[in-house]
Every structure is written in structure tokens, then in C-alpha cells.
Amino acid sequence: MVDLAYRSPHIHKDIEFCLVINGNLKVKSNSEELFDLTGSVLLFNSNISHELTSVNQTTQILSVQIAPEFCKNYFPLLYNLSFDYINFLEFETSEDQNKLFQLFIGVAYTFFKEPVSHEFKCMSNVNNLFYKTLQILSYHLIDNRITIFTEFSKVPC
């Protein structure tokens, strides 16, 4: 959880889910710009640049980043998967929105609560979040050569 004023354009290998809790956020990602995102859950694909700007002094967000390596042994396609939406609550039915929202909150709650053996519950919640997200949201697969080039281009010369 963070009080954010501005986060410069950045990329990371992880898939990032963000809940805009309080305040108003503006997001730029590739050619898309989104405004007035209070209460939204945002989804940023791996290796895609995104910039976050608070319209207020600060905006409170809850961010969960999940590395594709998490499930590489049983779902290696996650490395090449790209979801088509940033604000996934904007495009789905209220029942689907509620389910995805509850799963996201479950991942964060279990992680921060840290009861004994919480790691198993976190793994379960992350898997359920991806399972439901893949059922509900549209996505496409990226050619493996693009992923290899992206990884190669990050190697220092």
C-alpha cells in the first residue's frame, strides 16, 4: 500500500494489479490514458511502460506484483500472455467485477495478515485470481521472439 503522488514511466517483469483506494489517479500506458479511477482495479502487463500521476496531492493505491515465474512449471504461457484491458472493472459485468475485486483483496489480505503458513493461502489466492482473470478478460498471446528480444535488450553491454 502506498500514497502516491507520481510514479515516472517504468516497466517491470511482473504483472501488476493495483486498486485505487482513495484519491484520483491518472494513468498513461502506451497510447492509452485513463482518468478518474477511484475504486478501479488496474492491470499492467509485464514489460509494458506505465506512468501514474495523482490528480490530488496523493492517491492511495494497493499494488500487488506477481512474477510470471510464479507458475512457470504449470502455466508457462503467462510469459507470453497480454491482457487487453488496463481498468478491468470498467468492461465486465458487476458479478465478474465483484469476483475479481474479492480475489484481488484476498491476495493482498492474506499477504499482509501473515498468519501461520500464509504462503499456501497466498499461492492459492494468486492462482484463483489468474484463473478467474483468464476466464473473464480478453487477452492475446505475444510471439515468443518478442519476449526473447525484450529480455535480450535489457542485458548490459
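Numbers at a glance
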{"item": "Residue satisfying all of: in the stretch 86-111; hydroxyl-bearing (Ser, Thr, Tyr) and surrounded by fewer than 17 Cβ atoms within 10 Å (Cβ to Cβ); modelled with the highest pLDDT among these", "result": "Tyr109"}
{"item": "Leading residue by the ranking (nearest to Lys113 (Cα to Cα)) among those in the stretch 1-46 that are buried (at least 16 other Cβ atoms within 10 Å of the Cβ) and hydroxyl-bearing (Ser, Thr, Tyr)", "result": "Ser40"}
{"item": "Failed item in (1) surrounded by fewer than 15 Cβ atoms within 10 Å (Cβ to Cβ); (2) touching a residue at least 60 places away in the same chain (Cβ under 8 Å), with Glu119 passing the rest", "result": "(2)"}
{"item": "Scan of the stretch 26-61 for residues that are outside any loop (DSSP other than H, G, I, E, B), touching a Leu at 6+ places or on another chain (Cβ under 6 Å) and modelled with pLDDT under 90, ordered by number", "result": "Val41"}
{"item": "Residue in the stretch 65-83 that is modelled with pLDDT under 80 and aromatic (Phe, Trp, Tyr) present", "result": "no"}
{"item": "Residue in the stretch 49-58 that is more than 14 Å from the chain's Cα centre (by Cα) and under 23 Å from Lys132 (Cβ atoms) present", "result": "no"}
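The values are calculated or read from the model by the stated rules, or taken from the named source; none is laboratory data. Please read these numbers as outputs of a predicted model, since none were measured by experiment. Here the Cβ is made from the backbone with ideal geometry for all residues, glycine too, and neighbour counts use every protein chain on show.
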